[in-house]
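A short write-up of the structure that comes next.
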Amino acid sequence: MKNINHYLALPYQHTVTREECTDGSPCYVARVIELPGCESHGMTRAVALDNLENAKRLYIETMIEDGIEPAPAIAAAHAG
């Protein structure tokens with residue numbers, strides 16, 4: 001299995017959506033498409049994306065520690 005740096009360098013795709021926080025204020029939720037459940041939020045798109053980088057690292061580290069190989073990035077998988 002490859003190391004954390006390999007997976008963090010892959011071109012994973014992400015989405016950012018504007019949603020409502022529990023208090024009704026707007027917030028943004030960022031998700032990694034190829035890593036189900038890997039998501040984070042923030043009060044701005046930029047903060048949500050910054051938080052997502054931390055969440056992605058923790059998500060991938062946990063998978064590797066558990067002996068599970070993280071999914072490849074869609075773009076990398078189609079590259080050949």
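Can you tell me the order of 69-75, 19-25 when each peptide is scored by its average per-residue count of other Cβ atoms within 10 angstrom, highest first? The partial results should precede the final answer.
Values: 69-75: 16.4, 19-25: 8.1.
Ranking the peptides 69-75, 19-25 by packing returns 69-75, 19-25.
Could you let me know the centre-to-centre spacing of segment 47-64 and segment 16-34, using Cα atoms, in angstrom?
After rounding, the separation between the Cα centres reads 16 Å.
Just want to confirm a number: the relative contact order over the chain, from Cα pairs under 8 angstrom separated by 6+ residues, in percent. The partial results should precede the final answer.
Working: 124 pairs, mean separation 24.7, N = 80.
The normalised contact order for the chain reaches 31 percent.
Could you sort Arg18, Arg45, Arg57 by accessible area so the largest value comes first, with the probe set to 1.4 Å?
Details: Arg18 160, Arg45 125, Arg57 95 Å².
From most accessible down to least: Arg18, Arg45, Arg57.
Just to confirm a number: summing +1 for Lys and Arg and -1 for Asp and Glu over residues other than Tyr7 whose beta-carbon lies under 15 angstrom from that of Tyr7, what do you get? Could you put the intermediate results ahead of the total?
Numbers: positive: Lys2, Lys56, Arg57; negative: Glu34, Glu53, Glu61, Glu65, Asp66, Glu69.
So the surrounding residues net to -3.
Report the convex hull volume per residue for the chain, counting only C-alpha atoms, in Å³. Intermediate results must be reported in sequence, preceding the final value.
Numbers: hull volume 7.3 nm³, N = 80.
Here the figure is 91 Å³ per residue.
For the chain, what does the helix formula give at 222 nm: sum of -39500 (n - 2.57) over DSSP H segments with n ≥ 4, over the residue count, nearest 500 deg cm²/dmol? The partial results should precede the final answer.
Values: 3 runs with 32 residues, N = 80.
One gets -12000 deg cm²/dmol as the mean residue ellipticity at 222 nm.
The values are calculated or read from the model by the stated rules, or taken from the named source; none is laboratory data. The structure presented is a predicted model; accordingly, all values stated were derived computationally and were not measured. Note that each Cβ is placed from the backbone with ideal geometry, even for glycine, and that neighbours are counted across all protein chains shown. Protein only, heavy atoms only, side chains kept; ligands, DNA and RNA dropped before computing areas. Shrake-Rupley method; radii C 1.70, N 1.55, O 1.52, S 1.80 Å.
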